[in-house]
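Asks: Take a look at the following structure, please.
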Amino acid sequence: MTFSDRFPSDRTLVRGRVLSFKRRPQRAGDTDAYTYLEDGVIVIDAGKVTDVIDASEIGRVGGKGVVLHDFSGKLILPGFIDTHIHFPQTQVIASYGEQLLEWLTRYTFPAESRYGDPAFAAAQARFFIDELLRNGTTTAVCYGSVHKGAAEALLTESERRGTAMFVGKTAMDRNAPPDVLDTAQSAYDDTASLITAWHGRGRQKVVITPRFAITSTPEQLEALGNLARAHPDCLVQTHLSENLEEIATVERLFPERSDYLDVYDHYGLVGPKSLMGHAIHLTPREIVRMSESGAVAVFCPTSNLFIGSGLFDYKGLEGEPYPVRIALATDVGGGTSYSMLATAAEAYKVMQLRGQKLSAIEAFHLMTRGNAEALGEPDLGRIEPGAHADLVVLDSTARPAMAHRLAAGNCDLEEELFVLMTLGGEQNVQEVFIGGQPQGLHRADE
Ligand code: GUN
Ligand code: ZN
C-alpha cells in the first residue's frame, strides 16, 4: 500500500514550534498547563487536527499527495479568538475625545446607520474579516448593526472564507437616532429568523444581542429573553457596567431593579451563555451573581483605556470565593487594535495599574483556549486531535526592535511570549490557517 492509498489527499502537515494549552495556567512558569513541541508537526485531515507529533516522526504521516507547510522555527498557536468586537465600527476606531455615551452619539450611531445599505455592508464584511485574519484572529464574536442585512452580510462572508464567526444583529429600540432603531417585535423576529437560517449552518453561529440596557426597552429585553430561553445553545452578548454615567442612566431607566446586572437577569439574559462586555464597576452583589450564573465578564482593555471607562479588576473577579469567568477582547471600535497581542499588552498594563500581574502564558491561554471555553466551544482554541485546524503562525522577530530584544539571549518560551504580546501585533502574523487551509498571508515553501 502506498502513502497515497492510505491517506486522503487533503491531508495537510504544518511544521513549526507548536504551542497549545491544556488548561488555565495558575501563574508564570506553570509549564504543565501547556504542551510545546520545539519541532512539531500538526497533522490535519478534512479541516481538523488528527495528530500532533514530533518532527522526527514525520515519515509516518507524510507521503504522496500530502502537503507540507514548513514553518520551522516559527511559533504555531491556535488562531486567536476575539470575544467582543463591533463589525460596523471599523471606521469609528480612533475617534477623538469622548467617553461612552457621547462617543456613541457623536461617532458610533451615525457610522452604524450606513450598514442599512447591503452593498456597503458586504464590502465592509470583506475588509473586516481580512483585518481579523491579518491579526491572527480566526474566530470573533461580533456585534452587527441594527440591520438584519448587515449580520447576513458578515455571516455570508464568513461562510465563504470558512471561518467560525458568532454574529448578532444588534437590538436597540430607544435612546438612539431613528435610523438605528428597531422595535421589540422586529428585533425578536429578525434575530429569530437569523437563528433559523444561520445558527449552526457550517461554522456560523448567531448571537442574541441587546446592545445595552439604555437602548433597549423592557419589552425588547423581555422579547430577547424569551428568545434566549427558546434557544439555550445561543450565546447572548451585551454591555454591562462600563461607564459611571451609563450605570446612573440604567438606574434611572430601571428603578425597580436592584442593579445593572439585575436588569438583564430579570429578563432571563444572564447565564453561562452570556458574554457581558466590560463589567468594570460591579457591585459585590453583581460579582456574586456573575459567579453563580456562570456569565462571562469580557475584559476589553484597549477600549477601557481609550474611552476612559475604568480599570477592570481581573484578579478580583477571578479569585475565590466567587470566581467569575473571564474572556479577553478588542472591542473595536471603542478598542484601538484588532490585534489580540496588542490587547494582551494593554491588559497587562491595566493590571499593573491595579497592582496585579498577567503572565504571558495566562494571556496566551486567554487568547486561545480560554476564550474558546468562554464561548463553550471545545473544538476551538487548541491544537489537539478533533480540534478545528484554525492556526496562527507567529514570527517573533518580525520587527527589528523585537529581534533585537530577543537577541539579548537566554530567552525562554515564556519570555518570548511576553515580548510578543508587549511589542507585537499584525507584523508578527506570518500566516493563518482556516480549517487547515493557508490564507495566503505568506506562501510557505512546500
Ligand atoms: N455600550 C453600548 N454600545 C457600545 C459600543 O458600541 N461600544 C462600547 N464600548 N460600549 C457600548
Ligand atoms: Zn462593545
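Just so it is clear, none of the values below were taken in a lab; they were calculated from the coordinates. Treat the numbers as computed from the prediction; the structure is a model and nothing was measured. As a convention, Cβ positions derive from the backbone with ideal geometry for all residues, glycine included, and neighbour counts pool all protein chains shown.
Asks: By how many nm would the segment from residue 427 to residue 60 grow when fully extended, if each residue of separation counts as 0.36 nm and the alpha-carbon distance is taken off? List each step's numbers first, then the result.
Replies: Numbers: separation 367, 0.36 × 367 = 132.12 nm, distance 3.45 nm.
Working it through step by step, the gained length comes to 128.7 nm.
Asks: Defining a contact as two alpha carbons under 8 Å apart and six or more residues distant in sequence, what relative contact order in percent does region 330-446 show?
Replies: Numbers: 129 pairs, mean separation 32.0, N = 117.
Relative contact order of region 330-446: 27 percent.
Asks: About its Cα centre, what dipole magnitude does region 192-248 give when the only charges are +1 on Lys and Arg Cβ and -1 on Asp and Glu Cβ, stated in debye to the nearest 20?
Replies: Numbers: 5 positive and 6 negative charges, 95 e Å.
The calculated dipole for region 192-248 is roughly 460 debye.
Asks: While we're looking at this one, here's another question. Please give the FRET efficiency for residue 127 paired with residue 406, using the beta carbon to beta carbon distance and R0 = 41 Å, rounded to the nearest 0.05. Spell out each step's value before the answer.
Replies: Working: r = 32 Å, r/R0 = 0.79.
The formula returns an efficiency of 0.80 here.
Asks: Defining a contact as two alpha carbons under 8 Å apart and six or more residues distant in sequence, what relative contact order in percent does region 1-121 show? Provide the component values of the computation, followed by the final result.
Replies: Values: 158 pairs, mean separation 32.2, N = 121.
That works out to 27 percent.
Asks: Now, a different point. May I ask you to derive the relative contact order of the chain, considering only C-alpha pairs under 8 Å and at least 6 residues apart, and to give it as an integer percent? Could the numbers behind the result be given before it?
Replies: On the way: 991 pairs, mean separation 87.8, N = 446.
Across the chain, relative contact order equals 20 percent.
Asks: Quick one: order 337, 145 by neighbouring beta-carbon count within 10 Å, fewest to most.
Replies: Values: 337 21, 145 28.
Listed from fewest to most nearby Cβ atoms, that is 337, 145.
Asks: Another one. Ordered by residue, what ³J(HN,Hα) values in Hz, to whole numbers, does region 201-210 give under the Karplus form 6.51 cos²θ - 1.76 cosθ + 1.60, where θ = phi - 60° and Gly and Pro are x?
Replies: Using θ = phi - 60°, the values come out as 7, x, 9, 8, 9, 10, 10, 6, 9, x Hz.
Asks: Here's something else I'd like to know. Could you check which residue among 202, 40, 59 shows the biggest mean-square fluctuation in a GNM of the chain with a 10 Å Cα cutoff?
Replies: Answer for the Gaussian network model of the chain: 59.
Asks: For a quick protection proxy, order the peptides 292-300, 409-417 by their average other-Cβ count within 10 Å, most packed first. Present the calculation step by step, with values, prior to reporting the outcome.
Replies: Numbers: 292-300: 23.8, 409-417: 14.1.
Peptide ranking by packing, descending: 292-300, 409-417.
Asks: Using only the Cα atoms of region 102-233, what do you get for the radius of gyration and for Dmax, in Å?
Replies: Values for region 102-233 (Cα only, Rg and Dmax): 14.3, 40 Å.
Asks: Quick one: if the Förster radius is 35 Å, what FRET efficiency do residue 46 and residue 413 give, using the C-beta to C-beta distance and rounding to 0.05? Intermediate results must be reported in sequence, preceding the final value.
Replies: Numbers: r = 31 Å, r/R0 = 0.87.
Efficiency for this residue pair is about 0.70.
Asks: In degrees from 0 to 90, rounded to the nearest 10, what is the angle of the helix 284-293 Cα long axis to the longest principal axis of the chain?
Replies: 60 degrees
Asks: Okay, next question. Among 406, 47, 328, pick out the residue whose Cα is farthest towards the positive end of the charge dipole of the chain, where Lys and Arg carry +1 and Asp and Glu carry -1 on C-beta, about the Cα centre.
Replies: 47
Asks: In what order do 350, 270 fall by count of nearby beta-carbon atoms within 10 Å, going from fewest to most?
Replies: Starting with the residue having the fewest Cβ neighbours, the order is 350, 270.
Asks: Choose one of 213, 248, 191: the residue whose Cα lies farthest towards the positive end of the charge dipole of region 189-262 (beta-carbon charges +1 Lys, Arg; -1 Asp, Glu; about the Cα centre).
Replies: 191
Asks: Along the Cα-to-Cβ line of residue 318, 7 Å from the Cα, sits a label point; which residues in region 370-408 have backbone N less than 13 Å from it?
Replies: 370-371
Asks: Over region 323-423, how many percent of alpha carbon pairs lie in each 5 Å bin up to the one with the longest distance?
Replies: Values per bin, smallest distances first: 2, 12, 18, 22, 21, 15, 7, 3, 0.
Asks: Next question, about the same structure. Quick one: helix 148-161 against the long Cα principal axis of the chain, what's the angle to the nearest 10°, folded into 0 to 90?
Replies: For helix 148-161, the angle is close to 0 degrees.
Asks: Can you pick out the pairs among 273/349; 315/357; 22/349 whose Cα atoms lie more than 20 Å from each other? All intermediate terms of the calculation are to be shown ahead of the outcome.
Replies: Values: 273/349 28 Å; 315/357 8 Å; 22/349 26 Å.
As for pairs spanning more than 20 Å Cα to Cα, those are 273/349; 22/349.
Asks: With θ set to phi - 60° and the Karplus curve 6.51 cos²θ - 1.76 cosθ + 1.60, what are the ³J(HN,Hα) couplings of region 221-227 in order, to the nearest whole Hz, using x for Gly and Pro?
Replies: Karplus-based 3J(HN,Hα) across region 221-227 equals 4, 5, 4, 6, x, 4, 5 Hz.
Asks: OK, next. Quick one: of the DSSP bridges fully inside the chain, what percent are antiparallel, nearest 5?
Replies: Numbers: 26 of 59 bridges.
Antiparallel bridges make up about 45 percent of those DSSP assigns within the chain.
Asks: Largest first, please: the extent of the C-alpha atoms of the chain along each principal axis, to the nearest Å.
Replies: Taking the Cα atoms of the chain, the three principal extents are 69, 47, 38 Å.
Asks: Using +1 on the beta carbon of Lys and Arg, -1 on that of Asp and Glu, and nothing else charged, what's the dipole of the chain about the Cα centre, debye to 20?
Replies: Details: 41 positive and 59 negative charges, 87 e Å.
The dipole magnitude comes to about 420 debye.
Asks: Between residue 94 and residue 248, what FRET efficiency follows from the Cβ-Cβ distance if R0 is 35 Å, with the result rounded to 0.05?
Replies: For residue 94 and residue 248, the calculated efficiency is 0.80.
Asks: To continue, here is another question. How do 77, 19 rank when sorted from fewest to most other Cβ atoms within 10 Å of their own Cβ? Before the final figure, lay out the partial values.
Replies: Values: 77 25, 19 21.
Neighbour counts put them in this order, fewest first: 19, 77.
Asks: Going by average Cβ density within 10 Å per residue, which order do the peptides 381-387, 396-402 take, highest to lowest?
Replies: Numbers: 381-387: 20.1, 396-402: 16.0.
Packing order, densest peptide first, comes out as 381-387, 396-402.
Asks: Residue 357 versus residue 201, label points 7 Å from Cα toward the beta carbon: distance in nm?
Replies: Distance between the two pseudo-spin positions: 4.9 nm.
Asks: Hey, another quick one. Applying the Karplus parametrisation 6.51 cos²θ - 1.76 cosθ + 1.60 with θ = phi - 60° to the phi angles of region 83-99, what ³J(HN,Hα) value in whole Hz is obtained for each residue in order, glycine and proline being reported as x?
Replies: Result, rounded to whole Hz: 9, 6, 8, 9, 3, x, 10, 5, 10, 9, 3, 6, 9, 7, x, 10, 9.
Asks: Calculate how steeply helix 118-134 sits against the longest principal axis of the alpha-carbon atoms of the chain, using the helix alpha-carbon long axis, and give the answer as 0 to 90 degrees to the nearest 10.
Replies: 50 degrees
Asks: Alpha carbons only, please: Rg and Dmax for region 162-209, in angstrom.
Replies: Just the Cα atoms of region 162-209 yield Rg and Dmax of 12.1, 37 Å.
Asks: Using helices alone, I'd like the mean residue ellipticity at 222 nm for the chain: each DSSP H run of four-plus residues gives -39500 (n - 2.57), total over residue count, nearest 500. Before the final figure, lay out each step's value.
Replies: Details: 17 runs with 153 residues, N = 446.
Result for the chain, helices only: -9500 deg cm²/dmol.
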